[in-house]
Amino acid sequence: MIPDQTNSEPRMNICDHAVVAMHYTLKNVEGAVLDSSEGQDPLTYLHGTGGIITGLEAALLDKVAGDQLTAVIEPKDGYGAIDPSLVQVVPRSAFAGVESIEAGMRFTASDEQGQQQSVAIAAVNGDEITVDGNHPLAGETLHFEVEVVSVRAATEEEISHGHVHS
């Protein structure tokens, strides 16, 4: 812990099982804003439990409330590389009951084992629909600007449940 400059209480460093609140702006390599907490409540998560991408978690380790940082996260530490096996051509009949199918639309699909997965329509070519099960940010290098708002110890209940309670 690092002593706080404004009072005598020590500030907690971000570590596993710390509850972290942060404001962030996420940009792509071209500088376009992809997501931001601006104008909203800070994002709050339980550190070390996979609540945020591993690269950002690593960049936040040991930071304290008030710290600001910029982190560049490569795909392997973000949403992974694009997996070509997750891009498939399926027949239009797989979308029974859907009148209009257009590129960019998202659906929830089930695989052979019944596992659900979000897929995006990548292309429509007559009765052949190309679906992409990769995360929308797979293959992207992510640029985060972060301000740590607060850090506190998680409760035993939060640790056992693996997430922050309000």
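Can you name the residue in the range 97-122 that is open to solvent by 90 Å² or more (accessible area, probe 1.4 Å) and assigned to a loop (DSSP other than H, G, I, E, B) and, of all such residues, is modelled with the highest pLDDT? Taking the candidates together, the pick is Glu102.
The set of residues in the range 26-78 that are open to solvent by 80 Å² or more (accessible area, probe 1.4 Å) and on the phi > 0 side of the Ramachandran plot comprises Gly39, Asp62.
Results for (1) acidic (Asp, Glu); (2) touching a helix residue (DSSP H, G or I) at 6+ places or on another chain (Cβ under 6 Å); (3) within 14 Å of Val87 (Cα to Cα), shown as yes or no for each residue.
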residue	(1), (2), (3)
Ile101	no, yes, no
Met105	no, no, no
Thr108	no, no, no
Gln113	no, no, no
Gln117	no, no, yes
Val124	no, no, yes
Glu128	yes, no, yes
Asn134	no, yes, yes
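Of the listed requirements (1) open to solvent by less than 60 Å² (accessible area, probe 1.4 Å); (2) without any contact (Cβ under 8 Å) to a residue 60 or more places away in the chain, Ala154 misses just one: (2). List every residue pair whose Cβ atoms sit under 8 Å apart, with the two residues 6 or more apart in sequence or on different chains, where the first one lies in the range 82-106 and is of a type outside the set (Gly, Ala, Ser) and the second, anywhere, is assigned to a helix (DSSP H, G or I) and modelled with pLDDT under 95. Pairs that qualify, where the first residue is of a type outside the set (Gly, Ala, Ser) and the partner is assigned to a helix (DSSP H, G or I) and modelled with pLDDT under 95, are Ile101/Arg92; Ile101/Phe95.
If you filter the range 129-165 down to residues that are polar (S, T, N, Q) and within 20 Å of the chain's Cα centre (by Cα), you find that the one that is farthest from Pro42 (Cα to Cα) is Asn134. Can Thr130 be described as exposed (fewer than 10 other Cβ atoms within 10 Å of the Cβ), without any contact (Cβ under 8 Å) to a residue 60 or more places away in the chain and part of a strand (DSSP E or B)? No.
All conditions but one from (1) among the hydrophobic types (A, V, I, L, M, F, W, C); (2) in contact with a strand residue (DSSP E or B) (Cβ under 7 Å, 6 or more places away or on another chain); (3) farther than 30 Å from Ala65 by Cα; (4) open to solvent by 60 Å² or more (accessible area, probe 1.4 Å) apply to Val149; the one that does not is (3). Residues being modelled with pLDDT under 95 and either of a type outside the set (A, V, I, L, M, F, W, C) or over 26 Å from Glu140 (Cα atoms) (or both) are represented in the range 50-64 by at least one member.
The values are calculated or read from the model by the stated rules, or taken from the named source; none is laboratory data. Computed from a predicted structure; not experimentally measured. Note that we place each Cβ from the backbone using ideal geometry, even for glycine, and neighbour counts take in every protein chain shown. We work out accessible area using only protein heavy atoms, side chains counted, and drop any ligands, DNA or RNA first. Shrake-Rupley method; radii C 1.70, N 1.55, O 1.52, S 1.80 Å.
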